[in-house]
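Notes to accompany the following structure.
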Amino acid sequence: MAEAYSLSFHTIGAVKNTETQLETGYYLQKIIMIVSIPICSLGLIGNIIVFWLLCFKIQKTKFTVYFLNMALADLTVLCYYVIAFVLFLKAIPINLFYLHIMELAHAFGFNASTYLLTAISAERYLMVFSPGWYQLHRPKYLSEIMCAVLWGLSCLMSLVLYFACYLQFDATLSEVNHSCEPTKLFRVIVNLLVFLPIMVFSTSILFIRMLRTLQETPPAKLDITIVATVLLFLLFAASVRIIEIIARWVPQVHIPVVFLIFHFLDAIDSSGTPFIYFIVGYSKTALVGNQPIKTFLERALLDEGNEGEQVTWAPGTK
């Protein structure tokens, strides 16, 4: 569906191009997909490890709840890419209905990941800059409640867009669904004008604070993790959404290969997130232990510094 810049959309639309354009575009798309599949596979392994460790091996905190749900959302996105790329490369025909379901799953996962990352950065901002108010007014199960609400919002957004734009994805139907464009505009407003500014503002303030206090005290590993994860998102995933807006006014941008490249960038974002955790939490001393990966993840996600509610953490604790 349009939410995910679906491969099926461009494949269906490609029949209108010339034979030469199709041949050139096909080989370029094939190369991009061949490169993408190993990256997505590594991302799947990384997110599965993070999900499993956060579920069973690492102590539960308000932030690990968010990161666990983010890993699940990224897994959904990466599963879509691996299946879609393999189907394309093997030229396996697939029923349009099942293709819609796959694209719906991608949109569901991508939206949820965006909303959860926004919640993480916003809550960390409140924890650091309003610790008194935060500790007095924060509900005990806020993380769980927010995750449920954000998954629900993601599901609602994906389903509404799916039904509003459904007819545009069937090449045999000529009827135009006039509710599609307003629905996509609403999606853009929610994602880029509500959630993205909150994410950018919260993370920017955290980053500035890190730079100012760097000489006095080492920054909390959690802050570094949040800033690095948001930066990865802005560099890769958010660029796809910005190109969507440009394509509305510049039709020449709406080229299958261009959008496939941005799909590739989107896949890098979902694949790279777990490796950011491991890099931020890396420590030579942890290599001596029996579970270095678990220790790296603990350092990256449990070290909240001295602000707010301090989490007691030591390597190897459960």
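The values are calculated or read from the model by the stated rules, or taken from the named source; none is laboratory data. What you are looking at is a predicted structure, and each value in this text was computed from that prediction instead of being measured. For neighbour counting, all protein chains shown are included, and Cβ atoms are generated from backbone atoms with ideal geometry for every residue, glycine included.
Scoring Phe56 on the criteria (1) touching a Ser or Thr at 6+ places or on another chain (Cβ under 8 Å); (2) aromatic (Phe, Trp, Tyr); (3) under 30 Å from Glu144 (Cβ atoms) leaves a single failure, condition (1).
Any residue at all in the range 233-254 that's surrounded by 19 or more Cβ atoms within 10 Å (Cβ to Cβ) and modelled with pLDDT of 90 or more? Among the residues of the range 233-254, at least one is surrounded by 19 or more Cβ atoms within 10 Å (Cβ to Cβ) and modelled with pLDDT of 90 or more, which makes the answer yes. When every residue of the range 81-104 is checked against the conditions, at least one turns out to be buried (at least 21 other Cβ atoms within 10 Å of the Cβ), touching a residue at least 12 places away in the same chain (Cβ under 8 Å) and within 27 Å of Gly281 (Cβ to Cβ).
Restricting attention to the range 123-134, the residues being surrounded by 12 or more Cβ atoms within 10 Å (Cβ to Cβ) and over 18 Å from Ile198 (Cα atoms) number 1. Restricting attention to the range 188-232 and to residues that are of a type outside the set (A, V, I, L, M, F, W, C) and without any contact (Cβ under 8 Å) to a residue 12 or more places away in the chain, the residue that is surrounded by the most Cβ atoms within 10 Å (Cβ to Cβ) turns out to be Ser204. Among the residues of the range 118-169, just one is basic (Lys, Arg) and assigned to a helix (DSSP H, G or I), namely Arg124.
Scanning the range 309-316 finds no residues that are at pLDDT 70 or above and closer than 23 Å to Asn69 by Cα.
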